[in-house]
Amino acid sequence: MNKQEFLEQLRQGLRGLPREDIEERLTFYSEMIDDRMEEGLSETEAVAEIGDVREIISQIREDVPLTKIVKEKIKPKSPVKPWVIVLLIIGFPLWFPILIAAIAIILAVYIVFWSVIISLWAVFASFIAGAFSGVCSAVYFLICGKAVTVLSMLAVGLLCAGLAIFMFFACLAATKGVIWLTKKAAIGLKHMLIGKETA
């Protein structure tokens, strides 16, 4: 693949992103290819050394902030026609509550995910507290000379410590899962917004 084909594929793959971002990336990769050619590589070798254009496109699309894409999408490309404004005003009692309800549902689901995570970490903290109090109680009852109670308190403390260890890994995995899900949802929203342009 030569430089021109690479840049054209890159331009096509980035359609839907803000224009200044596309131009910035095209200039960057054009200069990168030129630098490699100045180092003695042929045009084809220079392009091949940069990497697969599809992976580059995917990485660039993930790196562009969602807010920038949304701003680009809501910015009118041409003046809004009067009949569109009239329809928006007339339909306001219908579309506005639906929009608010959709946002509220998405927000509620997201809050539920994080409340589950917070609850799991609270259970982990309670196991830690149980382990600490079990060991402290065992020491107290040892001083008091109650051997049977010492053993039971120590057993409770060790059980809570063991459960805390398992709970820590479960909480960590659940937290990473929700963060991963959040990231995937943001990337999916980006691709949905960008995809409208390319469709």
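Laboratory data are not the source of any read-out in this text; all were calculated from the coordinates shown. Only a predicted model underlies this, so the values are computations on that prediction, with no experimental measurement involved. So basically every Cβ, Gly included, is an ideal-geometry build from the backbone, and we count neighbours across all protein chains shown.
Given q = 0.13, 0.18 Å⁻¹, what are the Debye log10 I(q)/I(0) values for the range 3-65, with equal point scatterers placed on the Cα positions and solvent ignored? Normalising to I(0) and taking log10 leaves -0.32, -0.60.
Exposure proxy ranking for S115, S152, based on other Cβ atoms within 10 angstrom of each Cβ and starting from the fewest, stands as S115, S152. For the chain, complete DSSP H runs whose alpha carbons reach 30 Å or more along their own long axis and whose mean Kyte-Doolittle score is 0.5 or higher are 82-144, 147-198.
Per residue, the convex hull around the alpha carbon atoms of the chain comes to 197 Å³.
Among R36, R11, R19, the order by Cβ neighbours within 10 angstrom, fewest to most, reads R19, R11, R36.
Ignoring everything except DSSP H segments at least 4 long, calculate the 222 nm mean residue ellipticity for the chain; use -39,500 (n - 2.57) per segment, divide by total residues, nearest 500. Roughly -31000 deg cm²/dmol at 222 nm, from the helical runs in the chain. Among W180, W114, W83, the residue with the largest mean-square fluctuation in a Gaussian network model of the chain, with springs joining Cα atoms closer than 10 Å, is W83.
Only the Cβ atoms of Lys and Arg (+1) and of Asp and Glu (-1) were treated as charged; on that basis the dipole of the chain about its Cα centre amounts to roughly 1480 debye. Hey, fewest Cβ within 10 Å first, where do D35, D21 land in order? Ranking D35, D21 by Cβ neighbours within 10 Å, fewest first, gives D35, D21. Mean projected area of the convex hull spanned by the Cα atoms of the range 100-199, taken over all viewing directions: 8.3 nm². Annotation for the range 90-123 versus the range 138-170: alpha-carbon center distance of 42 Å.
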